[in-house]
Amino acid sequence: MKASDFGGDKKELVYDSMTLLIAQDGPVLKISRTIGQKKKARTQSLTYYTDGRGETNPATFGTGQIQSKTLWQANIVITKGTQSTQTFGDVLISDVTDKWELSDDGNTLIEYSSSSSPRSKFGNVNMPVGPLNMRRVFRKQP
């Protein structure tokens, strides 16, 4: 958490910790993401297909989903997609991009995430939220 940049004050984060368990089998990348929030934890299962066939995974927070396509670009995994979240009788949509880069020694994984300002699918909700850019740093546990 200390080495990460969340695009704002860390005191405003809705989680205290995040742990990833990652397994790869050919083009299938599976991630178990555990999010700690005030001494409670919840785990999400994510599957990415690095051959570009596409996937749907839960958003990090809320009830939203991200439909995306994932590819390797050199030694970086890039996921581009659309996040949809139902709220107040509408659906909020954001374009999202994640780039995952592993350090040369294999001990540090950096995730660069960006998302566009949410837009309303039906015009019922006006969200005064700008684009989000963050960098999360994960260190391999011994």
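The values are calculated or read from the model by the stated rules, or taken from the named source; none is laboratory data. Because the structure is a prediction, the values reported are computed rather than measured. Because the Cβ atoms are built from the backbone with ideal geometry, glycine has one as well, and the counts that use them run over all protein chains shown.
Within segment 43-53, is there a residue that is within 13 Å of the chain's Cα centre (by Cα), of a type in the set (Phe, Trp, Tyr) and at negative phi? Step through it out loud before you land on a result.
So the first thing to find is which residues in segment 43-53 are within 13 Å of the chain's Cα centre (by Cα), and the list is 44-48.
Of the ones still in play, those that are also of a type in the set (Phe, Trp, Tyr) are 48.
Subset that is at negative phi: 48.
The answer is yes, given that some residue of segment 43-53 is within 13 Å of the chain's Cα centre (by Cα), of a type in the set (Phe, Trp, Tyr) and at negative phi.
When you go through (1) of a type outside the set (A, V, I, L, M); (2) over 18 Å from Leu20 (Cα atoms); (3) assigned to a strand (DSSP E or B); (4) modelled with pLDDT of 85 or more one by one for Glu111, which number turns out not to apply? Result: Glu111 passes all but (2). Quick one: what pairs do we get from segment 3-27, first residue exposed (fewer than 10 other Cβ atoms within 10 Å of the Cβ), second in a loop (DSSP other than H, G, I, E, B) and modelled with pLDDT of 90 or more, C-beta under 9 Å, 6+ apart or different chains? Listed by first residue and then by second, the contacts come to Gly26/Thr50.
Scanning segment 85-108 for residues that are within 13 Å of the chain's Cα centre (by Cα) and either more than 24 Å from Ile22 (Cβ to Cβ) or outside any strand (DSSP E or B) (or both) yields Ser94, Asp95. Residues that are part of a strand (DSSP E or B) and among the aromatic types (Phe, Trp, Tyr) do occur in segment 45-61, at least one of them.
Can you say whether Thr34 is in a loop (DSSP other than H, G, I, E, B) and either surrounded by 13 or more Cβ atoms within 10 Å (Cβ to Cβ) or under 13 Å from the mean Cα position of the chain (by Cα) (or both), as far as the supplied structure shows? Criteria not met by Thr34.
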